[in-house]
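Just so it is clear, none of the values below were taken in a lab; they were calculated from the coordinates. What you see is a predicted model, and the numbers here were worked out from it, not measured in a lab. Cβ placement follows ideal geometry from the backbone for every residue including glycine, while neighbour counts extend to all protein chains displayed.
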Amino acid sequence: MPRIELTTLSGDKTSLSEAQSTQFGQRLRGRLLRPEDDDFRECRTVWNAMIDRCPGLIVRAMGTADVREAVSFARDNSLLLSIRGGGHNIAGNAVCDGGVMIDLSGMKSVQVDPARRTARVEPGVTLGELDHETQSYGLATPTGINSTTGIAGLTLGGGFGWLTRKYGLTIDNLLSAQVVTADGAVRRAAADENQDLFWGIRGGGGNLGVVTLFEYQLHAVGPQILSGLLVFPFEQAESILRQYREFGRTAPEDLTVWVILRKAPPLPFLPPEVHGKEVVVLAVCYVGTPETGSRAINQLRSFSQTVGEAVMPTPYVAFQKAFDPLLAPGARNYWKSHDFTEITDGAIRTVLDYASHLPSPQCEIFFGHVAGQMNRIPTDATAYSQRHVKYMMNVHGRWEQAASDTECMGWCRQLFQAMAPHATGSVYVNFMSEDELDRVPAAYGPNYQRLVQLKDKYDPGNLFRLNQNVKPSREREMTQTAREF
């Protein structure tokens, strides 16, 4: 009978009989997909088109029991394992080559308790799907800015977006989680139960287990907010960035303003002569009273004469989808990121030099202003440690053809290196590309060693390694020994 070849945790090959595979599939409520199945290719395709990996088996989980079966099967057979939520991770960690992929995208339940202002959310839910449910009650929790992003990966890495200044990171609003750990156990992690695991999953990525249920605190938001874009000529960029920096020192926390440097897309409110030209975009989101918001946004308008603007009362769910067309799946993407406590004059000059030589019409640089509630959380309160950060910069390389890989990735790396003297040295873990595993200690800073201890406790065999990986002590020691010899 034919056998199924699979990749092990050590990178070697092993094989399973057809009978073993069939027996495994029969223990699942969901489906077990093989490469010859019709929907296998669609399932292994993720947001970043640079990722083209092929698992040996895909488990389309329908619930926690399926996740337990898949985790135990991979562990017992020492198989490479990857976990897919929304498939949006820039590094493509959702997909492995030759191993077992657990696909959580079918786990879509969202249960909102409007009286308690909480939501219980399964890991296959996207941000847009969560907003759809919570906004029917005029509630929301801080998430990201692209509605197709999966809630699971975003949360486990920290999670920031338009509501962060007022309400903190996504993990700051996580009340509890249900986690399947490497031993196949199901653990509730919360402030009153498995507190160490709860600490670790709040920013520690997927290093400690598979979360099959999240519980979030919700806040009154919308359903109408004041939001939109102010677009300025690139010739005024240095002046605008300096004014933006000063404005950010005293801006109300109801207001979030991000700077985006890119070529102008053909938006209907921009004159045709601006399309395709470098511009400075201020993306604004105000969640307080409209009258107060209008006064604050008028200060932004005073920075310079705009070439176009569209700021108006908008449904929160609509603004959460506003950037989706610029972030659609199917393009090639490569990111480099820095954290900042201050945008210095040197940083402004450097970033504008590179922004004037964008290698692709889709490449962009943004500064996300996050100063506020997240800075009030102690450094050691969660695995995410960068509580001093005021701005996060993402160098977003994006293009269509593989022939442009060298040019576009080179531009990202050069800008990243040039900005390093002005940055903190830390990084937001969800923005790390697959070639940045050496930055994992910097991502966790003073909390890194505690994460290693948790890895030793909950995943000593490093079953959950396809992530921004925190290696357990034994594996780190073996790697060091190998280097010495």
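If each residue of separation counts as 0.36 nm, what is the full-extension length gain between ASP435 and TYR448 once their alpha-carbon separation is subtracted?
Numbers: separation 13, 0.36 × 13 = 4.68 nm, distance 1.92 nm.
Stretched out fully, the ASP435 to TYR448 stretch lengthens by 2.8 nm.
Quickly rank 386-399, 104-117, 439-452 as a protection proxy: mean count of other C-beta atoms within 10 Å, highest first. Walk me through the intermediate numbers first.
On the way: 386-399: 22.5, 104-117: 15.9, 439-452: 18.4.
Output ranking for 386-399, 104-117, 439-452: 386-399, 439-452, 104-117.
Does region 60-99 classify as rounded, prolate or oblate by the C-alpha gyration tensor (a ≥ b ≥ c root eigenvalues; a/c under 1.5 gives rounded; else a/b over b/c gives prolate, otherwise oblate)?
It is oblate, given that a/c is not under 1.5 and a/b is not larger than b/c.
Can you find, among GLY106, LEU169, ASN146, the residue farthest towards the positive end of the dipole of the chain? Put +1 on the C-beta of Lys and Arg, -1 on that of Asp and Glu.
Projecting each Cα onto the dipole axis, the largest value belongs to LEU169.
Can you tell me, using C-alpha contacts under 8 Å and at least 6 residues apart, the relative contact order of the chain as a whole percent?
On the way: 1098 pairs, mean separation 73.8, N = 485.
The value is 15 percent.
Could you run the Debye sum over the Cα atoms of region 3-103, one equal point scatterer each and no solvent, and tell me log10 of I(q)/I(0) at q = 0.10, 0.13, 0.16, 0.24 Å⁻¹, two decimals?
-0.23, -0.40, -0.61, -1.41
Determine ³J(HN,Hα), in whole Hz, for all residues of region 359-376 in sequence, where each value follows from phi through the Karplus function 6.51 cos²θ - 1.76 cosθ + 1.60 and θ = phi - 60°; x replaces Gly and Pro.
Residue by residue, region 359-376 yields x, 8, x, 9, 5, 7, 10, 10, 10, x, 7, 10, 4, x, 4, 5, 6, 8 Hz.
What does the charge dipole of region 261-307 about its Cα centre add up to, to the nearest 20 debye, if the Cβ of each Lys and Arg holds +1 and the Cβ of each Asp and Glu holds -1?
Details: 5 positive and 3 negative charges, 17 e Å.
Computed charge dipole of region 261-307: roughly 80 debye.
Taking +1 at the Cβ of each Lys and Arg and -1 at the Cβ of each Asp and Glu, which of PHE303, THR382, THR344 sits farthest along the dipole of region 224-438 towards its positive end, judged by Cα position relative to the Cα centre?
Of PHE303, THR382, THR344, it is PHE303.
If you build the convex hull over the alpha carbons only and average its shadow over all orientations, what do you get for region 289-436? Give it in nm² to one decimal. Mind showing how you got there, number by number?
Numbers: hull surface 44.8 nm².
In nm², the orientation-averaged hull projection of region 289-436 is 11.2.
Going by Cα centres, region 43-68 and region 257-325 are how many Å apart?
Here the answer is 37 Å between Cα centres.
Can you list the lysines whose alpha carbon sits under 20 Å from that of LYS457, skipping same-chain ones fewer than 8 residues off?
By straight Cα distance, LYS457 reaches LYS471.
Cα to Cα, under 12 Å, and not fewer than 8 places away if on the same chain: which aspartates and glutamates meet these conditions relative to LYS455?
The reachable aspartates and glutamates, counting only those whose Cα sits under 12 Å from LYS455, are ASP196, GLU475.
So if I restrict to the alpha-carbon atoms in region 110-220, what is the Rg, and what is Dmax, the biggest pairwise distance, in Å?
When restricted to the Cα atoms of region 110-220, Rg and Dmax are 13.0, 40 Å.
Using unit Cβ charges (K, R positive; D, E negative) and no other charged atoms, how large, in debye to the nearest 20, is the dipole of the chain about its Cα centre? Write out the running numbers ahead of the final one.
Working: 48 positive and 53 negative charges, 127 e Å.
Computed charge dipole of the chain: roughly 600 debye.
Under 28 Å Cα to Cα from LYS321, which lysines show up? Leave out anything in the same chain fewer than 8 places away.
Within reach: LYS108, LYS166, LYS263, LYS277, LYS336, LYS390.
How would you rank LEU463, LEU282, going from fewest to most other Cβ atoms within 10 Å of each one's own Cβ? List each step's numbers first, then the result.
Values: LEU463 20, LEU282 23.
By the 10 Å Cβ count, ascending: LEU463, LEU282.
Answer with a single label: of (1) 1.27; (2) 1.45; (3) 0.97, which was calculated as Cα Rg over 2.2 N^0.38 Å from the structure in view?
(3)
I need HIS88, HIS422 ordered by Cβ neighbour count within 10 Å, fewest first. Don't skip to the end; give the middle numbers.
Numbers: HIS88 25, HIS422 19.
Placing the least packed residue first, the sequence is HIS422, HIS88.
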